[in-house]
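Have a look at the structure below, then the notes.
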Amino acid sequence: MVAVPGGRDTPLYKPSELNPARGADAVGADGAGAGAVEVPAFYLDRFAVTNADYLAFVAANSQWRRSNVAGLFADTGYLRAWENDLLPGPLAPPQSPVVHVSWFSARAYCKWRGARLPTTAQWELAAAASETSADARQDPAFLQRILNWYGQPAPELLSPVGSVYRNLWGVHDLHGLVWEWVLDFNSALVTGESRGDMGLERRLFCAAGAIDAANADDYAAFMRFAFRSSLDARYTASSLGFRCALTGP
Amino acid sequence: MKRRVLARFAAFAATALLLPGLLLAHGSAHRGSEELPPAPRPAAFADHSIYQLGSLWWNDRGAQQPLSALRGRPVVLAMLYTSCENTCPVLVEDMKRIERALAPAELRGVTFALFSYDPARDTPAALAAYRLKRNLPDDGWRLFTGDADAVLELAAVLGVKYKPDGYGDFQHSNLITVLDAEGVVRHQQVGLNAPAAETAALLHTLLGR
């Protein structure tokens, strides 16, 4: 793991403006920090968890092998590309990120290692860094690179970890290899969500989310937000992996 | 060729990792030799039972209980926090509407459970105060608070979304979930002020009426 310095994370969506007193209070001294939260320094895996790493986990924890995993904790796609319970096989190279893992399984892996999944705020803070800048979220070239990756179909064989780019903090491939689970993936509430269990009665919400986002230029951040909001904890996918984090020094 | 190399690697990794496990198992065999009778074990949980979570909660009397303490009866369940002034009371009223749609004999077989999002402020005492404020009967209604991890996990398994806003409030889904006696999600009532008929009909079925 490497240390990622703390910083201010401005969530994509601001907290409620139902309470004007809070609204005023929420605008930071720089005028742009509405709803910003201080993220203390933390440790983050340099690489996404690989098939070889994950094999060690399922070898030691039989309840997480493909043929044993409870339906509550993973859908039927769990480790689909693996040849069998203890053999990742040719479609899941040892040094490529493990995918087809659920939130429950990713969380269990990190716990097994004495760590946990990064929060959305931690992940976004680490992923804001380019090779040379701590915060490249206003850098058009960096944002375009992310969007270009989002626009490409996932390859059948994922590249090894460490093959995309290394950011300023020494964390590799936060963009460009796989999407990654975060601890609080289920904090992504979309106003007016089609499921209909929220948003339609916005005014009835405890702390209803405001619709205006913090950085409208960061289209890639919207895509990540939307992706997370579509996830279910049992869900697995061919380009969804994870890495672990630890509370900082 | 490449395949064989990978297979060998996998076999090696598996062996290397299983080895310490085998040693451990061997070590514990000494204790096993005392031949204690096996502890009575509850029947295995259903594949989709949320009681597999194993999280621990405190009720409004300050007693700690595993989630699986609810096993054995159908449960009508919602997540909320007691300082929530807007939607949460509506959610409780929706649950009371379901309660009113059941016969007195049925009510004895159903648990109504509220789980808090707010570990910081929803102490057992706060839950007890909420029970009084919302006039929730002692028998039938159970109130629980847990640590942040237990809350996160329960919300994840129910498909409930929530987010602390940093000022003591939470944005959250408004969902009422029905579990069968084994803890499997059988129905979710979505949104506020929904009619109770569908949920009540399912409960009639689960209660064998």
Given the conditions (1) open to solvent by less than 40 Å² (accessible area, probe 1.4 Å); (2) out of contact with any Phe, Trp or Tyr (no Cβ under 6 Å at 6 or more places or on another chain); (3) over 25 Å from residue A:236 (Cα atoms), and given that residue A:136 satisfies all but one, which numbered condition is not satisfied?
-> (2)
Can you find even one residue in region B:77-96 that is touching a residue at least 24 places away in the same chain (Cβ under 8 Å), in contact with a strand residue (DSSP E or B) (Cβ under 7 Å, 6 or more places away or on another chain) and more than 23 Å from residue B:125 (Cα to Cα)?
-> yes
In region A:62-84, residue nearest to the chain's Cα centre (by Cα) [restricted to those that are open to solvent by less than 40 Å² (accessible area, probe 1.4 Å) and at the interface with chain B (Cβ under 10 Å from one of its Cβ atoms)] | A:73
Strands (runs of 3 or more DSSP E) lying entirely in region B:90-207 (those with 2 or more residues that are modelled with pLDDT under 95 and open to solvent by 50 Å² or more (accessible area, probe 1.4 Å)) = B:162-164, B:185-190
Picking from A:147, A:91, which residue would you name as being within 17 Å of residue A:178 (Cβ to Cβ), within 14 Å of chain B (Cβ to nearest Cβ), open to solvent by 30 Å² or more (accessible area, probe 1.4 Å) and aliphatic (A, V, I, L, M)?
-> A:91
If you check residue A:137 against the conditions, is it of a type outside the set (Val, Ile, Thr) and assigned to a helix (DSSP H, G or I)?
-> no
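Would it be correct to say that residue A:114 is modelled with pLDDT of 95 or more, of a type in the set (Gly, Ala, Ser) and surrounded by 15 or more Cβ atoms within 10 Å (Cβ to Cβ)?
Numbers: modelled with pLDDT of 95 or more: yes; of a type in the set (Gly, Ala, Ser): yes; surrounded by 15 or more Cβ atoms within 10 Å (Cβ to Cβ): no.
The answer is no for residue A:114.
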Top-ranked residue of region B:45-67 - restricted to ones that are open to solvent by 40 Å² or more (accessible area, probe 1.4 Å) and within 14 Å of another protein chain (Cβ to nearest Cβ), ranked as farthest from residue B:158 (Cα to Cα) | B:45
Pick from region A:85-103 the residues that are within 25 Å of residue A:184 (Cα to Cα) and hydrophobic (A, V, I, L, M, F, W, C): which of them is nearest to the chain's Cα centre (by Cα)?
-> A:103
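The values are calculated or read from the model by the stated rules, or taken from the named source; none is laboratory data. Note that the coordinates shown come from a computational prediction; the quantities given were computed from them, not determined experimentally. Methodologically, a virtual Cβ is constructed for each residue, glycine included, from the backbone with ideal geometry; neighbour enumeration extends over all protein chains shown. To get the accessible areas, we keep the full protein, side chains included, count just its heavy atoms, and leave off ligands, DNA and RNA. Shrake-Rupley method; radii C 1.70, N 1.55, O 1.52, S 1.80 Å.
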